[in-house]
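Read-outs: derived from the displayed coordinates by stated rules, not from any lab. Remember, it's a predicted structure, so these values are computed and weren't measured experimentally. Note that each Cβ is placed from the backbone with ideal geometry, even for glycine, and that neighbours are counted across all protein chains shown.
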Amino acid sequence: MNIAKLELTVGIFMLIGIICLGYLSINLGKMELIGGNDYKLTASFDSVSGLKSGARVELAGVEIGTVEKIGLSNSSGDKALVTMKIKDGINITDDVIASVRTSGIIGDKFIKLKPGGSDQILKNGGKIRETESAIDIEELVSKFIHGKVD
């Protein structure tokens, strides 16, 4: 009888541990089990060098979403098309400016949104028209070294 209680206690303890491990894995991995509360926006950039899927999207220094995917635009193929997931309840105006920025000197790339003054709100599937591409440090250093600075 004593062994049965011990085995039951150990089993309950293990079950609680597994549930806690699963919860932490989902939250730390930023996974979504059932669709999220977000909407999608797209933006075209000349260059998104170093930007990766899962990068954060910020407005006024606050994370409001993530980069879902990066690909080439269908129309011309010479621009990068970035799809962003923005949290519901965050209103983005149609004259917002999206720029690719770097955290610190050699940090991760992210999308920074600068709000405009328009009253028109972008809806799910909307497109951000104004963009600023990433600054390519290697290209700038190369121009400086070879004396081709504009």
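Results, tabulated for the structure shown:
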read-out: Listed pairs 79/123; 79/143; 52/127; 87/143 exceeding 31 Å between Cα atoms; value: 87/143
read-out: Charge dipole magnitude, Cβ of K and R +1, D and E -1 - region 38-135, Cα centre, debye nearest 20; value: 220 debye
read-out: Size descriptor, Kirkwood hydrodynamic radius, that averages inverse alpha-carbon separations across region 91-150, Å; value: 13.7 Å
read-out: Theoretical gain in end-to-end length, residue 130 to residue 24 [0.36 nm per residue, Cα-Cα removed]; value: 34.4 nm
read-out: Helix-only mean residue ellipticity at 222 nm for the chain, each DSSP H run of n ≥ 4 adding -39500 (n - 2.57), per residue, nearest 500; value: -8000 deg cm²/dmol
read-out: Length-normalised contact order for the chain - Cα pairs under 8 Å, 6+ apart - percent; value: 24 percent
read-out: Average projected area [Cα convex hull, the chain], square nanometres; value: 14.6 nm²
read-out: Packing-based ranking, highest mean first, of 124-133, 94-103 given that Cβ atoms within 10 Å are counted; value: 94-103, 124-133
read-out: Options 17, 84, 48, ranked by Cα towards positive dipole end of the chain, top entry (Cβ charges); value: 17
